[in-house]
């Protein structure tokens, strides 16, 4: 007789939804542990990324996060899971859309800005026999337009480590509110401004990305748009346009040329982005700043602490993580001062 598979606790709770999600999370964990990703007919770089970043040492933590996001989002809607249309926004090659696809949602939609991620995700789900109703590329307007075209509204817009990369958060929340004021927008981000360690990590990351990648791109773009630009003007305008993209980038150049006042980038800090698209924007926002943006769009906001991964190979790391998680619980509402990520929930 075959040994019974051990049930792992990805999500605590004895209600029917928690039990269902935990059961499916166990199924996904088993699927991905035994998945021969090397046999996938996808681009080598994306295959390596998926194997090294999502099938490796953080697999448990990834599925755990996905289970928590789905559970809390569904509870927040007040609807039965069978009535809910959900999109994994900026999904990449994570596990949120996979787990959602194993549950009995009304619709599950995958989204990412990059077409190559979409096609790779589709290949993975096909190999795993996980049903996703649609794969959409583009920003939030593309996602919402798909819903309008198909004559439905999204009830949940969920994402993991995406909110800090959205170029215009006011536009994002305002667009979703116009689409469905009752939608739950559940975002997690490791860009936790209130935890000194996470703040420093992102501060240094932003500085490195700006110096090595985005600043040189801005200079080239400025020289292309203004061939006669002088070195002094180039240096000044390169600094002025940090954090600006698309029409904002073009407007900044025109304002500089005409000696007009510049429109400041909100919450600039270490923020930086690619000037042509705003893609991979890097934000580091405080709780009150998120609240200001979200409430201005028409929603209410919850801002809560995440938790540390307790499934490292190192026993000492796991012990430290468990101690920190207990402290987060003891601190209560301000547990985000110690957490590695935060939940930013608009509803």
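The values are calculated or read from the model by the stated rules, or taken from the named source; none is laboratory data. Remember, predicted model here, so these are calculated numbers, not experimental data. Heads up, the Cβs are rebuilt from the backbone with ideal geometry, glycines too, and the neighbour counts pull from every protein chain shown.
Listed values, structure above:
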item	result
Yes/no for residue 191 being closer than 26 Å to residue 345 by Cα, modelled with pLDDT of 95 or more and crowded, with 20+ Cβ neighbours inside 10 Å	yes
Among the residues listed as 307, 336, the single one being over 18 Å from residue 166 (Cα atoms), in contact with a helix residue (DSSP H, G or I) (Cβ under 8 Å, 6 or more places away or on another chain) and in contact (Cβ under 8 Å) with a residue 60 or more places away in the chain	336
Members of segment 105-126 that are touching a helix residue (DSSP H, G or I) at 6+ places or on another chain (Cβ under 8 Å) and in a helix (DSSP H, G or I)	116, 117, 120, 121, 124, 125
So residue 69, is it within 23 Å of residue 321 (Cα to Cα) and touching a strand residue (DSSP E or B) at 6+ places or on another chain (Cβ under 7 Å)	yes
Some residue of segment 105-117 being surrounded by 20 or more Cβ atoms within 10 Å (Cβ to Cβ), more than 23 Å from residue 180 (Cα to Cα) and out of contact with any strand residue (DSSP E or B) (no Cβ under 7 Å at 6 or more places or on another chain)	yes
Extreme residue, farthest from residue 293 (Cα to Cα), among residues of segment 311-347 that are touching a strand residue (DSSP E or B) at 6+ places or on another chain (Cβ under 6 Å) and part of a helix (DSSP H, G or I)	328
Failed condition for residue 244, given (1) within 15 Å of residue 273 (Cβ to Cβ); (2) not in a loop (DSSP other than H, G, I, E, B)	(2)
All positions within segment 141-179 that are in a loop (DSSP other than H, G, I, E, B) and buried (at least 18 other Cβ atoms within 10 Å of the Cβ)	154, 155, 162, 166, 167, 168
Scan of segment 122-132 for residues that are crowded, with 16+ Cβ neighbours inside 10 Å and under 20 Å from the mean Cα position of the chain (by Cα), ordered by number	124, 125, 132
Residue among 267, 312, 256, 279 that alone is at pLDDT 95 or above and touching a helix residue (DSSP H, G or I) at 6+ places or on another chain (Cβ under 9 Å)	256
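Results for (1) farther than 30 Å from residue 77 by Cα; (2) more than 27 Å from the chain's Cα centre (by Cα); (3) buried (at least 19 other Cβ atoms within 10 Å of the Cβ), shown as yes or no for each residue.
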{"residue": "183", "(1), (2), (3)": "no, no, yes"}
{"residue": "197", "(1), (2), (3)": "yes, no, no"}
{"residue": "207", "(1), (2), (3)": "yes, no, no"}
{"residue": "216", "(1), (2), (3)": "yes, no, no"}
{"residue": "227", "(1), (2), (3)": "yes, yes, no"}
